[in-house]
1. Find how many whole Å separate the alpha carbon centroid of the stretch 20-62 from the alpha carbon centroid of the stretch 69-103.
2. What does the convex hull of the Cα atoms of the chain come to per residue, in Å³, rounded to a whole number?
3. Nearest-5 percent of antiparallel DSSP beta bridges in the chain?
4. Among Thr139, Thr170, Thr237, which one moves the most in a GNM of the chain with springs linking Cα atoms closer than 10 Å?
5. In a GNM of the chain with a 10 Å cut-off on Cα contacts, which of His231, His88, His122 has the highest mean-square fluctuation?
6. Using only DSSP helix segments of four residues or longer, with each worth -39500 (n - 2.57), what per-residue ellipticity at 222 nm results for the chain after dividing by its residue count and rounding to 500?
7. Taking the Cα centre of the chain as the origin, how large is its charge dipole in debye, to the nearest 20, when only Lys and Arg (+1) and Asp and Glu (-1) carry charge on their Cβ atoms?
8. Please build a GNM for the chain, connecting alpha carbons under 10 Å apart, and tell me which residue among Gly186, Gly77, Gly150 fluctuates the most.
Amino acid sequence: MPSTALSPIIAGLWRAHTWGLDVPARVRWIEQALGLGITSFDHADIYGGYSVEAWFGEALAAAPGLRERLQIVTKCGIRLVHPARSGHAIKSYDSSRAHLLASVDNSLRALRTDRIDLLLLHRPDLLMDPDAVADTFRTLQAAGKVLAFGVSNHQPPQLAMLHRRHALVTNQIECSPLQMQALADGTLDQCTDLGLRPMLWSPLGGGRLFSGQDAQAQRVRAVLEALGRQHGASVATVAYAWLLRHPSRPRPITGSGRTDALREAVAALEVPLSAEDWYRVWQASMGHEVA
Ligand code: NAP
């Protein structure tokens, strides 16, 4: 799968089990996202305690024409202690062949689909054997079960080690005006260098951008509000525009079940921030000007 096949804004499903949507409402929500140009949907096997993939799969089963119009991203590699997985004694990471193959089969069943467009290793497994993982990726690709692969929350050397053995298309990482570590530790530089467009999670700081009362959140909110007035855009839209301004060409992942929130994200594609606007937000987040 060329990474360009994903939409510029991606809808995240982590919180979907809290949205209170029945199956017809889920179909409507997916239709509304597609109508806004959001065609990619971000899952993980563990979301909702191993329940959200099935939540989505029920909607796909109710409206079979949807599947061909969207891309499914899901993740594997975390073992939660949960009644749905009685064999897990402690929370741990697992990138073994047996775990990845079983996890993909479970995801395909739950999502009611024959293929996953993009599979990510959710967290870096400290015991990962990169040759074995690359071999497992080849098996999954040859079976047509997974079209492309990536990682999430991986440090640059961890990504490089795997990318040398099997082509990856992304690193899905946390980034927002309140969490900028990826700008400083080489993670986004590596994405730019390799042409792997990153996916950005918690782009609004998980909501802290709006509700946070700490000094950093207040400083950042004030700057985003000022830029919003200047550009005729909401705080959320300016936050997305700030993320989109990076040369790695990131794809932010929304976290809301509200269609208005999806609309605010998409609106950012039309808000060009200057480099000075961008540094204003950086300075507010860091609490000091650049050196
Ligand atoms: P987020 O957009 O930073 O936070 C969403 C939260 O902010 C929601 O609770 C939302 O509430 C709230 N919010 C308040 N005002 C809002 C406004 N004006 N616009 C939008 N949201 C507003 O994203 P996130 O949910 O933390 O993460 C997004 C996605 O990233 C997840 O769904 C998941 O797919 C992915 N993710 C990946 C990882 C990983 O390790 N790879 C980790 C975490 C998340 P409302 O619902 O009321 O709008």
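Each value in this text was obtained by applying a stated rule to the coordinates, not by laboratory testing. Predicted model, so just to flag it, every value in this text is computed and none were measured. Heads up, the Cβs are rebuilt from the backbone with ideal geometry, glycines too, and the neighbour counts pull from every protein chain shown.
1. That distance is 19 Å.
2. Numbers: hull volume 39.2 nm³, N = 291.
Roughly 135 Å³ of hull volume per residue.
3. Numbers: 4 of 28 bridges.
If we restrict to bridges inside the chain, about 15 percent are antiparallel.
4. The residue that fluctuates most here is Thr139.
5. Taking springs between Cα atoms under 10 Å, the residue moving most is His88.
6. Values: 13 runs with 128 residues, N = 291.
That comes out to -13000 deg cm²/dmol.
7. Working: 29 positive and 27 negative charges, 77 e Å.
Dipole of the chain, to the nearest 20 debye: 380 debye.
8. Gly186
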